[in-house]
Amino acid sequence: MKAEEAYSIKVASDIYVAEGRAYFTVNWIEGNEYKSSIYSFDGKKQERVTFGGHEKKPAIHNGSLYFISYTKEEESLFVIDGMKEPSKLYSNKSIGKYIFVKDRVLAIVQDKVDKEAPFIANKLKYRFDSQGYFRSRKKLSLIVPEVKDLVQGDFDVVDVATNGSRVVFSATIEDDDTGLQDIYEINISTGKYKRITTGKGTASTVAVADDGTVAYIGHRDGKKPWAAAKLIFPEEGKSVEIAKSASSSVGSDLFIGPAELLIHENGSFYLIGQDGGSSAIYSYGKKVNKLTGEKINIRSFGVENGKLAYVYTSPAKPSVVVFGKELDLNPATQGIVPQEMKVNGQDAWLMPAKGKAKGTVVCVHGGPHTAYGYTYSIEFNFLANNSYNVLFGNPRGSSGYGEKFASQCVGDWGGKDFKDILGYMDEAVARHKVAENFAITGGSYGGYMTNAAIVQTTRFKAAIAERCVSNLMSMCGTSDIGFWFNAIESGIKDPWSESGMRILLEMSPITKAKKARTPTLFIHGEEDYRCPIEQSEQMFTALKLNGTDTALARYPGDSHEHARHGVPRNMLDRLQRKLEWLDTHMVNKAPGRSKK
């Protein structure tokens, strides 16, 4: 399989139900560009609705179709009335969620800025991955029939919802540096708003019931990355557990991320819940009901009069639209379904190589509080179709198994979690008779684990660390979230105290780089603000000076999302480069020190 073939799939997103039809966005890669158009499906026949190749986020209001059209410079809201030509209503740098309040349209938008002007930072969080420097922030604006800013400042508006009269929004007003969120109610006539949540925590998605009841997805556990999200009713002081978490953090590389949604319809709230490596749609009225099946992952959904439309992925299928019947966007694509394993009670999977296996690639997810599961993986299928087994699982620290399990790597990165990974390898050898010829790869926290692996063992014949963490100390001062996230994950209060610095360095693979003997490729986006490229540079330099085979692939224009939503030609190059590194060090020669 070639990298071009691996990325030839189509992915659905932004599904919306109205007037007995499901409207959704179809996304694909064409050359070095992402393209998308809006389609509809009535349960029998699909139809293409827009043809420009740059349309997304469809919605129906008063019988008219609204959508976002985009270029590299701006996004615009359009409307189509009947058979008329599309009419542009508003443009700006970006348009996020938009909602209808009678004859008015509200939206979360960002203003255009001069990227060449000097930038002055005066707070801890002054940039964010995939957004860049905060020259403008996400604000809530009235955009139709007139333009008027309602909520703006040195913070982000995260979500907005209405029942047609009451309007509420989520924002990072109280604690923007760490990204904690609260819910506010706004009078859109006066622009005045009031906070309706108490305490500190997350509130990523909000909804308003027909009777005015406000609900949101999040928690009130403060700065606690492993906290499980719940369905919370802030004015009632009530929270409801949905599955293991009222959201889904099951990872995927399908180049369009999953939606986190909360919809109220006919007396019930609808949302996505995660249980292990699966996610499903749940409803909550008087009780919690699970509405979709097992061993899939929901990417987006909509509902009208109790009838669901949704998009799911599974190991066998990249993207399927369901509205009464299923619409497979990639009928010619059949993913390799992995074999399930339970190792010490933990979920793990082995995707068998096509043909005779060259070796086994151990993949470690990021986070650490995310999970692998029942999704189609572009990379895993690419590796398996090129004759590598792919072994992956959810070690201690993963999400979807409860807060206690998710917290077990805190202060112990590269400890018990790495032992779990070694256990998956031992089980694969014993149960599936795979050869003792392993490589390890992963991104972000998975990149940290790759670095931790090569300084702890010589069991791996090759390693590929992507967007990695190597020095938890230096990352505190260079990452968009490192100054608080690294401290919490390392189990310390002050990263700048003598004891704090010592713990951060003790947990950092860079301090043990002299022990690394495994040939290691580092892959990093040059515009990664989450795990800055200096993390790979440090480890690459250390291995190079130590005489260990190593290389550093730098990708201009790519952020921390380089493997999921990077520059398309970079993503193609990345897959091919990984394959070449594996072939060189697992098939063609033994590991060892390079010649100086």
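Every read-out reported here was derived from the displayed coordinates using simple, explicitly stated rules and does not represent laboratory data. Being a predicted model, the structure only gives us computed values, none of them experimental. Neighbour counts run over all protein chains shown; Cβ positions are idealised from the backbone, glycine included.
Okay, here's what the table says:
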quantity	calculated
Selection within the range 514-531 - under 19 Å from GLU561 (Cβ atoms) and either touching a Pro at 6+ places or on another chain (Cβ under 7 Å) or surrounded by fewer than 24 Cβ atoms within 10 Å (Cβ to Cβ) (or both)	GLU526, GLU527, TYR529, ARG530
Qualifying strands (runs of 3 or more DSSP E) (wholly inside the range 13-72; at least 1 residues being in contact with a Phe, Trp or Tyr (Cβ under 6 Å, 6 or more places away or on another chain) and among the hydrophobic types (A, V, I, L, M, F, W, C))	21-30, 33-41, 55-61, 64-70
Candidates TYR7, TYR66, TYR39 - the one that is under 22 Å from the mean Cα position of the chain (by Cα) and not acidic (Asp, Glu)	TYR7
Cross-chain or 6+ apart pairs with Cβ under 8 Å, the range 389-403 first and in contact (Cβ under 8 Å) with a residue 24 or more places away in the chain and surrounded by fewer than 24 Cβ atoms within 10 Å (Cβ to Cβ), then acidic (Asp, Glu) and not in a loop (DSSP other than H, G, I, E, B)	ARG396/ASP417; ARG396/ASP420
Residue in the range 500-511 that is outside any helix (DSSP H, G or I) and more than 26 Å from TYR388 (Cα to Cα) present	yes
Those strands (runs of 3 or more DSSP E) lying entirely in the range 310-385 with at least 1 residues closer than 23 Å to CYS409 by Cβ and in contact with a helix residue (DSSP H, G or I) (Cβ under 6 Å, 6 or more places away or on another chain)	339-343, 346-351, 359-364
Residue tally, condition touching a strand residue (DSSP E or B) at 6+ places or on another chain (Cβ under 9 Å) and either among the charged types (D, E, K, R) or surrounded by fewer than 21 Cβ atoms within 10 Å (Cβ to Cβ) (or both), over the range 467-480	2
Pairs, first without any contact (Cβ under 8 Å) to a residue 12 or more places away in the chain in the range 328-349, second among the aromatic types (Phe, Trp, Tyr) and crowded, with 18+ Cβ neighbours inside 10 Å, C-beta under 9 Å, six or more apart	GLU340/TRP349
Residue, surrounded by the fewest Cβ atoms within 10 Å (Cβ to Cβ), within the range 81-129, restricted to residues that are touching a residue at least 60 places away in the same chain (Cβ under 8 Å) and over 24 Å from ARG166 (Cα atoms)	LEU124
Residue match in the range 74-88 (condition: over 21 Å from ILE263 (Cα atoms), assigned to a loop (DSSP other than H, G, I, E, B) and among the β-branched types (Val, Ile, Thr))	no
LEU308 being over 30 Å from VAL587 (Cβ atoms), buried (at least 23 other Cβ atoms within 10 Å of the Cβ), of a type in the set (A, V, I, L, M, F, W, C) and in contact with a strand residue (DSSP E or B) (Cβ under 9 Å, 6 or more places away or on another chain)	no
